[in-house]
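Below: the structure, in structure tokens.
Nothing in this text is a laboratory measurement; each read-out follows from the coordinates by a stated rule. Computed from a predicted structure; not experimentally measured. Positions of Cβ are generated from backbone atoms using ideal geometry, with glycine treated the same way; all protein chains shown enter the neighbour counts.
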Amino acid sequence: MKIAEVTATFPPYNAGTGNVCYHNSVELAKLGHDVSVYTGIKSNLKTENSKILSIKYLKPLFSVGNAPFLPQLLALKDYDIVHLHYPFFFGAEFVYLNSILRNSKYVLTYHNDVISDGLFGLFFKIHKHTLMKLILGRAEKIFVTSIDYCKNSFLSELYEKNPDKIVEIPNGVDIEKYNPKNDGSIIRKRLNIEDKKIILFVGALDKPHFFKGVDVLLESFKRICNSNFHLIIVGDGDLKQNYIEKANKLGVNSQVTFAGRVSDEDLPLYYAASDVTVLPSTTMGEAFGLVLVEAMATGKPVIASNLPGVRSVVDDGENGFLVTPGDSESLASKINNLLTDDELCSIFGIAARTKVEEKYNWVNIARDLEDTLVN
């Protein structure tokens, strides 16, 4: 098949939507399909896998955050199917119009609800009840990372009326790249924290990802008050300085490393260096938590907010813990429980790797995606 993948973001920008698009595209190409990626984020991606893709950067007329305005998508043609990664404000609308003008087909991966307040919140609310309904309604199929998230998201009404249109296809991970055999000592030596218990957070530190809960994590870390613990925050963005200032204000700056954006080669080593990965997201802007799967593939326990979708990844008390969103006291308690119990960490880590091998292998996910696209 000739497939067009359409996404607002794409690696090396570090965000879940673009990463999912990348892996979907690569694995479909490996299965023999002709895959082109259309994105509004300029990609200088240089990996072995990127060579099998045609990555087309469309220069936006303007952008609002991670939403590039791309009327060039009206020119999409001669594809068997278009795979739209949504939300994509100022892009999805043109895929929808293109489908009408050319009588063409598209499928849609619904990554997450968009939640905000103020003027942006008003825009999202209007969009939800107007354009989003049209875009979702015309899609041949809608992929969701979990039915749990779907039932609790903006898709709930559509799911009740037409459940056959919704297909669960989770996000995944390269289980060879992220695995328990990786040597994290390189990172520990580099940061001079060889003898510490390491808590890891990985995520974009920008305004579109305000919901990641870094503030909550820092407050939890302050509550723990253990000089043998060290927090590593991997990621970059316009909120990074705010978080650095908060760490200083809380008096934990000497025990927190802001690693910035790390290379694709180094990221698996950060997971390997850690003892636990934490995803303390506060809203349903978090629909899945790809970093959780990456950590679990590395054989590490995880702690995450008890949110629809996210809780489908973490089995509470088996491979990690779930905590109430925004509850820094509970989060601190669970982190402390894990990092003071090596046996529990090991048991959770083994269970985590087993679940990833069974459910979140990108190769198997691509075959499921292919079956849906072909049929």
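Ordering Met132, Met1 by the number of other Cβ atoms within 10 Å of each residue's own Cβ, fewest first, gives Met1, Met132.
GNM remark for the chain: springs join alpha carbons under 10 Å apart, and the peak mean-square fluctuation among Lys133, Lys196, Lys249 falls on Lys249. Taken about its Cα centre, the chain carries a charge dipole of roughly 1000 debye when the Cβ of each Lys and Arg holds +1 and the Cβ of each Asp and Glu holds -1. The local environment of Gly137, defined by Cβ-Cβ distances under 15 Å, has a net charge of +2 under the rule Lys, Arg +1 and Asp, Glu -1. Neighbour counting of Cβ atoms within 10 Å sorts the residues Val214, Val363, fewest neighbours leading, into Val363, Val214.
Taking θ as phi - 60° and the Karplus parameters 6.51, -1.76 and 1.60, the scalar couplings of the range 71-76 work out to x, 4, 5, 5, 8, 4 Hz in sequence order, x denoting glycine and proline. Restricting attention to the chain, close to 5% of DSSP beta bridges with both partner residues there are antiparallel.
In a reduced charge model with +1 at each Lys and Arg Cβ and -1 at each Asp and Glu Cβ, the range 185-359 shows a dipole moment near 360 debye about its Cα centre.
When the C-alpha to C-alpha distance is required to be over 32 Å, the pairs from Lys51/Lys181; Lys56/Lys197; Lys181/Lys207; Lys59/Lys207; Lys197/Lys359; Lys249/Lys334 that qualify are Lys56/Lys197; Lys181/Lys207. Taking other C-beta atoms within 10 Å as the exposure proxy, Val262, Val278, Val37, Val64 rank Val64, Val262, Val37, Val278 from fewest upward. Among residues other than Lys334 with Cβ under 12 Å from its Cβ, the summed charge is -3 (Lys and Arg +1, Asp and Glu -1).
What does the charge count near Val167 come to, summing +1 for each Lys or Arg and -1 for each Asp or Glu among other residues with Cβ under 13 Å from its Cβ? Residues close to Val167 contribute a combined charge of -4. Given DSSP loops and a limit of at most 16 other Cβ atoms within 10 Å, what is the longest stretch of the chain that contains no such GluC sites (Glu not before Pro)? That would be 49-139. Summed over qualifying helices (DSSP H, 4 residues or more, each -39500 (n - 2.57)) and divided by its residue number, the chain shows a 222 nm mean residue ellipticity of -11500 deg cm²/dmol. Derived scalar couplings between HN and Hα for the range 269-276 equal 6, 5, 4, 5, 6, 7, 9, 7 Hz in order, rounded to whole Hz, by the Karplus curve 6.51 cos²θ - 1.76 cosθ + 1.60 (θ = phi - 60°), x for Gly and Pro. Largest GNM mean-square fluctuation among Asn24, Asn361, Asn103, using the chain with Cα springs under 10 Å: Asn103.
Partner lysines whose Cα lies under 24 Å from the Cα of Lys133, excluding those fewer than 8 positions away in the same chain, are identified as Lys77, Lys105, Lys125, Lys141, Lys151, Lys161, Lys165.
May I ask which residue of Asn152, Ala204, Leu322 lies farthest towards the positive end of the charge dipole of the chain, with charges of +1 (Lys, Arg) and -1 (Asp, Glu) on Cβ and the Cα centre as origin? Final value for the positive-end residue is Ala204.
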